[in-house]
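The values are calculated or read from the model by the stated rules, or taken from the named source; none is laboratory data. Small disclaimer: the values here were computed from a predicted structure and weren't measured. Positions of Cβ are backbone-derived with ideal geometry, glycine not excepted, and every protein chain shown enters the neighbour counts.
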Amino acid sequence: MDLEQVPVEALVFEVVLNRSLRIKSIRRNMLRNCRFFLVLSTILILLHLGKADIRKDCRRESKVSWAALRRMKAGDLEQEDQNLKCYLKCFMMRHGILDKNAEVDVQRALRHLPRSMQDSSKKLFNKCKSVQSDDPCDKAYKMIKCYVGHHPEILQSVPFL
């Protein structure tokens with residue numbers, strides 16, 4: 001069929017129909033993308049709130065003071081505060097870093113560190129997990145003290161407050 005034989009109305013209809021279908025396709029893709037980002041955003045918010053809840057629950061459970069947490073964040077690792085020690089144990093257990101026997105899962109611990117620190121930290125975690133104490137809270141504190149003694153910058157990287 002020659003273009004000259006096709007009525008103008010049919011050509012206009014074809015162009016309008018194709019444009020309409022493309023617009024519908026674009027809208028459908030935009031809606032799909034919006035739904036994806038909405039679901040992703042919701043998941044990220046829930047994960048963040050879950051971490052905030054862990055910190056809040058551990059603060060409540062251990063009765064640690066804000067002052068002790070701020071001093072630790074500032075690098076004061078010479079505190080003999082049992083509540084702080086139990087907060088760290090709770091925080092590490094809830095994140096799966098410590099098991100119920102206060103033994104460290106090195107792989108899980110590494111996942112909580114910035115990628116740039118993971119390789120250098122593996123040997124250190126294996127060294128620090130050998131600290132001894134009959135009190136699980138004290139053991140968690142000694143492990144943190146051992147690790148932070150070699151990597152003080154971690155206090156700024158890990159959100160434990």
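Could we say that Ala102 is at positive phi and surrounded by 16 or more Cβ atoms within 10 Å (Cβ to Cβ) here? So Ala102 passes the test. Scanning the stretch 62-81 for residues that are surrounded by 14 or more Cβ atoms within 10 Å (Cβ to Cβ) and either under 23 Å from the mean Cα position of the chain (by Cα) or at pLDDT 90 or above (or both) turns up Ser62, Val64, Ser65, Ala68, Leu69, Arg71, Met72, Lys73, Asp81.
Taking the stretch 75-154 and the helices (runs of 4 or more DSSP H) fully enclosed by it, the elements with 2 or more residues that are aliphatic (A, V, I, L, M) and in contact with a His (Cβ under 8 Å, 6 or more places away or on another chain) are at 115-128.
Evaluate the stretch 31-44: report whether one residue or more is among the small types (Gly, Ala, Ser), surrounded by fewer than 13 Cβ atoms within 10 Å (Cβ to Cβ) and at pLDDT 80 or above. The answer is no; no qualifying residue exists.
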